[in-house]
Amino acid sequence: LKKITRGMEIDLVDLFDERRRDFEPRGRRSITRRGEGKLNLTKGYRHELLATDISQKRMLPFRTIITARSLDEFDDWESHDGEEMLIVISGSVEVHTEYYAPAHLDQGDAIYFDSRMGHCVISVGDGDAEVFWVSSGAM
């Protein structure tokens, strides 16, 4: 949680403050120019967090370069509340989820899944793959 809140430049307390949830602003928008998102490096992924100037979002959008080539590059699979959508921008990926056979996705392909399942994504093409990823839960 500390990594996420630091990357989003919000206070960890804001995640648990019930009073702030009652206020729902309208008409918000955010523009993130190419390369101007907040960089978040993890094992296997180079995330560029988008729309970081908006706090208390219901979804977390990011552009990700998938650098991992095998599941061995991860300490563990991700699993958290929420749902996710991933669209391949370039390259090819293999999406591994806890209850399904791996799914091979090429440029333009998309997958939607329950984030509570363990999941990992690896690049299977010649180079790194790039995806647009949206998560509705805390990562």
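Given a 1.4 Å probe, how much area per residue of the chain is accessible, in Å²? All intermediate terms of the calculation are to be shown ahead of the outcome.
On the way: 8910 Å² over 139 residues.
On a per-residue basis, the chain sits at 64 Å².
Which residues make up the longest stretch of the chain clear of GluC sites (Glu not before Pro) that lie in a DSSP loop with no more than 13 other Cβ atoms within 10 Å, not counting the sites?
On the way: sites that count: Glu9, Glu36, Glu98.
By the stated rule (loop sites, at most 13 other Cβ atoms within 10 Å), 37-97.
Just want to confirm a number: the relative contact order over the range 56-134, from Cα pairs under 8 angstrom separated by 6+ residues, in percent.
47 percent
Charges at C-beta only: +1 for Lys and Arg, -1 for Asp and Glu. How large is the resulting dipole of the chain about its Cα centre, in Debye rounded to 20?
That gives the chain a dipole magnitude of about 720 debye.
Relative to a virtual label point 7 Å from the Cα of Asp126 in the Cα→beta-carbon direction, which members of the range 64-84 show backbone nitrogen distances below 20 Å?
So the set is 65-70.
Percent of accessible area on the chain owned by carbon and sulfur, 1.4 Å probe?
On the chain, the fraction of accessible area on carbon and sulfur atoms equals 49 percent.
Largest first and in whole Å, give the semi-axes of the chain's equivalent ellipsoid, each being the square root of 5 times a Cα gyration tensor eigenvalue.
On the way: eigenvalues 144, 55, 39 Å².
Listed largest to smallest, the semi-axes of the chain are 27, 17, 14 Å.
Using a Förster distance of 22 Å, how high is the FRET efficiency between Leu71 and Asp106, based on the Cβ-Cβ distance and rounded to 0.05?
It comes to 0.65.
Please give the net charge around Asp126, taking every other residue with its beta carbon less than 15 angstrom from that of Asp126, where Lys and Arg add +1 and Asp and Glu add -1.
Taking every other residue near Asp126 into account, the sum is -3.
State which stretch of the chain is the longest one without any exposed trypsin sites (Lys or Arg not before Pro), exposure meaning a DSSP loop state and at most 16 other Cβ atoms within 10 Å.
70-115
Pop a pseudo-label 7 angstrom from the Cα along the beta-carbon direction at both Asp114 and Ser55 and give the gap in nm to one decimal.
The answer from the label model is 3.3 nm.
The values are calculated or read from the model by the stated rules, or taken from the named source; none is laboratory data. This is a predicted model, so every value here is computed, not measured. Using ideal geometry, Cβ is built from the backbone for each residue, glycine included, and neighbour counts are taken over all protein chains shown. For the accessible areas, the whole protein counts, side chains as well, though only heavy atoms, and no ligand, DNA or RNA atoms are used. Shrake-Rupley method; radii C 1.70, N 1.55, O 1.52, S 1.80 Å.
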